[in-house]
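Beneath this line is the structure, given in structure tokens, with notes to follow.
Taken together, the values in this text are just the output of simple stated rules run on the coordinates, not laboratory data. These numbers come from a predicted model, not from an experiment. Cβ placement follows ideal geometry from the backbone for every residue including glycine, while neighbour counts extend to all protein chains displayed.
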Amino acid sequence: MDKPKVLIITGYGVNCEAESAHAWKLAGAEPVQVHLNDLLDNPDQLEEFQAMMFIGGFSYGDHMTSGHVFAQRVKHHMKPQLQKFIDDGKLIIGICNGFQVMTKMGLLPGLDGKYFEPKVSLMQNDCGTFQNFWVDIKFEDTQCVFTQGLGTIPLPIRHGEGKIFTLDNETIERIEAEGCAAARYVDKNNNPTQDFPANPNGSLNAIAGLTDPTGRIFGMMPHPEAYLFPENHPNWDKQKIDGSLPEKGLGLKLFENAVNFMIQA
């Protein structure tokens, strides 16, 4: 097929469109930025795309908890089109604020194939403040299209509300049992941790990202689009000296995985 077209939704305080679009370009896709208002005016344009991305930032200033207003507008105005997008086997990814949007809309964890019934949410970090630094993320062996073969990589986090929580113990048990916990915060020994700062928010079971059971819908708090080049890493100069500097930024692999999946589909 030609280059897969990827929809990147912009506007109302989200601000990672440039690096997100560049990530998809480097991975071999054709990203198209569409303002939320234009999308809501014509939701049928979703038919043109093979994937969509809810990007990072601070939609609506996080005034009613992060991602809530954005999520409700999308859900209210384009639920049928979004459901068809999912039913057609297309891909959806959300990063940081985009992940918050997806959980509050109910796209994740998508248990029993139900995508508009919120089961989890993201609340204020246990430390009580916004955090901005790099953490180690372990990608579990799941069905997730985006995370295949990643292992453990460092990624930056930039959020004040990143703690995954649910009031329903059965939900977290099913997330674990059905392989929906796709990414975790880990310590220096590569073990999942609740300890700050390796776990910057106190998320349940150290979960940093979720996938739905199909593996085609994925969201996470850390920013892979902010690690597209080796020099993005804060210690790249030391890595160059000791020979551990990668050829490409390690976050790019998530987007390459998605493009390869779409081309082969």
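Every residue in segment 68-103 that is more than 13 Å from Leu40 (Cβ to Cβ) and touching a Ser or Thr at 6+ places or on another chain (Cβ under 6 Å), please. Matches in segment 68-103: Asn97, Gln100, Thr103.
Could you please let me know if Thr147 is part of a loop (DSSP other than H, G, I, E, B) and not acidic (Asp, Glu)? Considered against the rule, which asks whether it is part of a loop (DSSP other than H, G, I, E, B) and not acidic (Asp, Glu), Thr147 comes out as yes.
The conditions of being part of a strand (DSSP E or B) and in contact (Cβ under 8 Å) with a residue 60 or more places away in the chain are met by Gly219.
Against the numbered list (1) touching a strand residue (DSSP E or B) at 6+ places or on another chain (Cβ under 6 Å); (2) surrounded by fewer than 21 Cβ atoms within 10 Å (Cβ to Cβ), Gln72 comes up short only at (1). Val145 satisfies every condition listed in (1) surrounded by fewer than 21 Cβ atoms within 10 Å (Cβ to Cβ); (2) of a type in the set (A, V, I, L, M, F, W, C); (3) out of contact with any Cys (no Cβ under 8 Å at 6 or more places or on another chain); (4) within 27 Å of Met262 (Cα to Cα) except (1).
Take the residues of segment 209-249 that are of a type in the set (Asp, Glu) and crowded, with 18+ Cβ neighbours inside 10 Å: which is nearest to the chain's Cα centre (by Cα)?
We begin by selecting, within segment 209-249, every residue of a type in the set (Asp, Glu); these are 212, 225, 231, 237, 242, 247.
Keeping just the survivors that are crowded, with 18+ Cβ neighbours inside 10 Å gives 212, 225.
Numbers: Asp212: 12, Glu225: 10 Å.
Per the stated criteria, the residue is Glu225.
Scanning segment 166-189 for residues that are under 11 Å from Lys119 (Cβ atoms) and in contact (Cβ under 8 Å) with a residue 12 or more places away in the chain, we see that the one that is farthest from the chain's Cα centre (by Cα) is Asp168. Condition check for Ile263 on (1) under 15 Å from the mean Cα position of the chain (by Cα); (2) over 30 Å from Glu173 (Cβ atoms): one failure, at (1). Restricting attention to segment 250-265, does a residue exist that is surrounded by fewer than 15 Cβ atoms within 10 Å (Cβ to Cβ) and either of a type in the set (S, T, N, Q) or within 16 Å of Gly151 (Cβ to Cβ) (or both)? Among the residues of segment 250-265, at least one is surrounded by fewer than 15 Cβ atoms within 10 Å (Cβ to Cβ) and either of a type in the set (S, T, N, Q) or within 16 Å of Gly151 (Cβ to Cβ) (or both), which makes the answer yes. Scoring Leu82 on the criteria (1) more than 23 Å from Ala208 (Cβ to Cβ); (2) surrounded by fewer than 18 Cβ atoms within 10 Å (Cβ to Cβ) leaves a single failure, condition (2). Of the residues making up segment 191-208, those that are assigned to a loop (DSSP other than H, G, I, E, B), under 19 Å from the mean Cα position of the chain (by Cα) and on the phi < 0 side of the Ramachandran plot are Ala198, Asn199, Pro200, Asn201, Ser203.
Conditions tested, residue by residue: (1) hydrophobic (A, V, I, L, M, F, W, C); (2) surrounded by 17 or more Cβ atoms within 10 Å (Cβ to Cβ); (3) outside any strand (DSSP E or B).
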{"position": "Thr129", "(1), (2), (3)": "no, no, yes"}
{"position": "Pro154", "(1), (2), (3)": "no, no, no"}
{"position": "Ile157", "(1), (2), (3)": "yes, yes, no"}
{"position": "Ile172", "(1), (2), (3)": "yes, yes, yes"}
{"position": "Ile175", "(1), (2), (3)": "yes, yes, yes"}
{"position": "Ala183", "(1), (2), (3)": "yes, yes, no"}
{"position": "Asn189", "(1), (2), (3)": "no, no, yes"}
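Among the residues of segment 71-127, count how many are small (Gly, Ala, Ser) and in contact with a Gly (Cβ under 8 Å, 6 or more places away or on another chain). Final tally of qualifying residues: 2. Do you know which residues across segment 75-114 are in contact with a helix residue (DSSP H, G or I) (Cβ under 6 Å, 6 or more places away or on another chain) and either under 21 Å from Met220 (Cβ atoms) or of a type in the set (A, V, I, L, M, F, W, C) (or both)? Hits for segment 75-114 are Lys75, Met78, Phe85, Leu91, Gly94, Asn97, Val101, Lys104, Met105, Leu108, Pro109, Leu111.
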